[in-house]
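Below you'll find the structure, written out as structure tokens, and then a few comments.
The values are calculated or read from the model by the stated rules, or taken from the named source; none is laboratory data. These numbers were taken from a predicted model, which means no experiment stands behind them. No Cβ is skipped: glycine too gets one built from the backbone with ideal geometry, and neighbour counts run over all protein chains shown. The protein model used for the area step is the full one, side chains on, heavy atoms only, and it has no ligands, DNA or RNA in it. Shrake-Rupley method; radii C 1.70, N 1.55, O 1.52, S 1.80 Å.
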Amino acid sequence: MSIIPNPMQCVVIRVEASVDIGLGHLMRCLALAQGLVKCQVRVIFALSNTSLEHCQKRDDWVGEIYLLSSRTTANEQQELKQLCSDEQANWLILDGYQFDFDYRRFLDLKGCRLAMFDDGQLLDAKRQDSKLAMVINWANGADTLAYNRLSPNALHCTGAKYRVLRREFYQVTEIPFEMRTRLIITFGGSDPSELTLPLLQHFEASAIRLPITLITGSGYQQLDELERFLNVSRLSIEHIHDCHKMAEVYQQGRLVVSAAGGSQFELLHCAAPSILVVSAENQLFASEQASKQGWCYVSHAIALDQLRQPQKDAVREAKEQLLEQLVQKTLALWHQPEQLQNMHSKAKDVRQQNGLEHIYTALYPESPNHSPEASIDE
């Protein structure tokens, strides 16, 4: 792709990392930023100190970082307005559940246009928002949802054609399926439903030994207890904490048991047969659409976002049932190589490769930088 630098293109991204929701929002914003920087767009991340350490740990971080000093929402809105004005930003992109209708209503950006990532919160609110100039939801089938009614003035970058992943996923060398040997288990950046250790304990009790790669995120809160278990376990487990090379690991997966958040798009790109575990309502739509594509199974019979409610006995029983089902499904699939090969092939057939081209064109339709060959793997 031939890039023509354009100093007039600038995007501000307001996003946060969180112990509760993990790094999913931050990682998809990084993916978009990597693509935009490749297209010579200036990218500025507006962050708090909480997120700064996550950014500094990564060797693939791009864009400038502006640390917000505001302590209140009102002051933050004014600070963002001033930042966008000072840097002559064309777009302010919001990603986070806290940026709701009331937050957006009091943003007065003047010449800067407002965009937001949506996982369904805009749809759930059922409030028309005429201030939005762009909505981004790159889940499969999101282009069929009611965004035209709820954001009538916005460009709708919805559906898989707009999906962008971090550049590591475009650069990794693909491993043939017959050479993939690992069972990969990962429940996101923080594992809020606390499934990692109990699932391993169920595998231990099953008396069946598989080569397991376990990934825990930087927000995982049971690391000491997990390490004690690993020291005495008879399971063959490779444990990677705070992994920054997810593409390389996913390529090794004969089967993956994963949280059903944004990592499902990475698994699809790596053509990794998967069992996706839904732990929140906003994961249901994308996960159900993924299951229809045939490359994964979805476990959402139990509402895992209710596991912290006070019905302790019922919760404990429901969680045990879920864990037993996951073990049984994993072991059954592991011994069906033809089925796993079929899931792998279906993933390769439906994965999206050129989302950057589409989303960049939507942001800057008059730019000469977009072309059918646009990618971030160069």
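Miscellaneous remarks
- Lysines whose Cα lies under 28 Å from that of residue 161, excluding same-chain neighbours fewer than 8 positions away: 38, 126, 131, 245, 292, 346, 348
- Under the criterion of Cα pairs below 8 Å and six or more residues apart, the relative contact order for the chain equals 16 percent.
- The GluC sites (Glu not before Pro) of the stretch 138-247 that DSSP puts in a loop, and whose beta carbon has at most 13 other beta carbons within 10 Å, are 174.
- Computed over the stretch 164-297: relative contact order in percent, which uses C-alpha pairs under 8 Å that are six or more apart: 27
- Of all accessible heavy-atom area on the chain, the percent that carbon and sulfur account for (1.4 Å): 47
- Kirkwood Rh (inverse of mean 1/r, distinct Cα pairs), the chain, angstrom: 21.7
- Compactness of the stretch 105-243 as Cα Rg over 2.2 N^0.38 Å, two decimals: 1.49
- Here is how the number arises for the chain: DSSP H runs of 4 or more residues each give -39500 (n - 2.57), the sum is divided by the residue count, and the result at 222 nm is -11000 deg cm²/dmol.
- Under the convention that each Lys and Arg Cβ holds +1 and each Asp and Glu Cβ holds -1, the size of the dipole of the stretch 1-127 around its Cα centre is about 340 debye.
- Assigned charges on the beta-carbon of Lys, Arg, Asp, Glu; the chain dipole about Cα centre (debye): 500
- Charge dipole of the stretch 163-279 (Cα centre as origin; +1 on each Lys and Arg Cβ, -1 on each Asp and Glu Cβ, all else neutral): 320 debye, rounded to the nearest 20.
- All aspartates and glutamates inside 15 Å of residue 110 as judged from Cα atoms, apart from same-chain residues fewer than 8 positions distant: 79, 86, 87
- Working ranking of peptides 326-334, 265-273 by packing, defined as the average number of other Cβ atoms within 10 Å per residue, highest first, is 265-273, 326-334.
- For the chain, cysteines whose Cβ has no other cysteine Cβ within reach (under 4.7 Å): 10, 29, 39, 55, 157, 243, 270, 296
- Dipole axis of the stretch 112-213 (+1 Lys, Arg; -1 Asp, Glu on Cβ), positive-most option in 133, 192, 176: 133
- 1.4 Å probe accessible area per residue over the stretch 132-203, in Å²: 36
- Close amide-amide hydrogen proximity is noted between residue 256 and 184, 274, 275, each under 5 Å apart and 5 or more residues distant or on a separate chain (H modeled in the peptide plane; Pro and chain starts excluded).
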